[in-house]
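The values are calculated or read from the model by the stated rules, or taken from the named source; none is laboratory data. Everything numeric in this text was worked out from a predicted model, so none of it was measured. Heads up, the Cβs are rebuilt from the backbone with ideal geometry, glycines too, and the neighbour counts pull from every protein chain shown. Just the protein is used for accessible areas: all its heavy atoms, side chains included, with ligands, DNA and RNA removed. Shrake-Rupley method; radii C 1.70, N 1.55, O 1.52, S 1.80 Å.
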Amino acid sequence: KFNTALMIDTGASTSVVSQATFDALSSKLRPEFIGKYNINTANGLVQAPVYRFERMSIGRYYVNDIALVVMQLQHFSADGLLGMNFLRSFKFEIDQANARLVLSPFES
């Protein structure tokens, strides 16, 4: 288990962690290297490594077999970005007044 602070980014198709965060968690979680990919960012196109993690969870909600992009995130207030590859698995609401993310399962 590893705790980190991620900023919600509904415009990010894939979740991102900073290089420093990845360095801290990779020895404990042993992710699988998928490859280097061109990633569109607000600052243009960059090439970044992508790793597959067994599971990513927020509280009781989780996604198995999830990819995370690893990038240098200097001058960034969080450890990374929570993207749509996690969020699309749930109904979600952003409670801006209380700075909270509210997740719930899709009804079957």
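What the table shows:
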| item | result |
| --- | --- |
| Output for the range 26-55, where each listed residue is on the phi < 0 side of the Ramachandran plot, open to solvent by less than 100 Å² (accessible area, probe 1.4 Å) and at pLDDT below 90 | SER26, SER27, LEU29, THR41 |
| Which listed residue is at pLDDT below 95, of a type outside the set (Asp, Glu) and touching a Phe, Trp or Tyr at 6+ places or on another chain (Cβ under 9 Å), from PHE2, PHE106 | PHE106 |
| Entirely in the range 25-108, the strands (runs of 3 or more DSSP E) that have 2 or more residues that are farther than 14 Å from ASP9 by Cβ | 32-41, 44-58, 61-71, 91-95, 100-104 |
| Index of the failed condition, ASP79 passing every other in (1) surrounded by 15 or more Cβ atoms within 10 Å (Cβ to Cβ); (2) more than 15 Å from MET7 (Cα to Cα); (3) touching a residue at least 24 places away in the same chain (Cβ under 8 Å) | (2) |
| Breaking point among (1) over 20 Å from ALA99 (Cα atoms); (2) touching a strand residue (DSSP E or B) at 6+ places or on another chain (Cβ under 8 Å); (3) not in a strand (DSSP E or B), for THR4 | (1) |
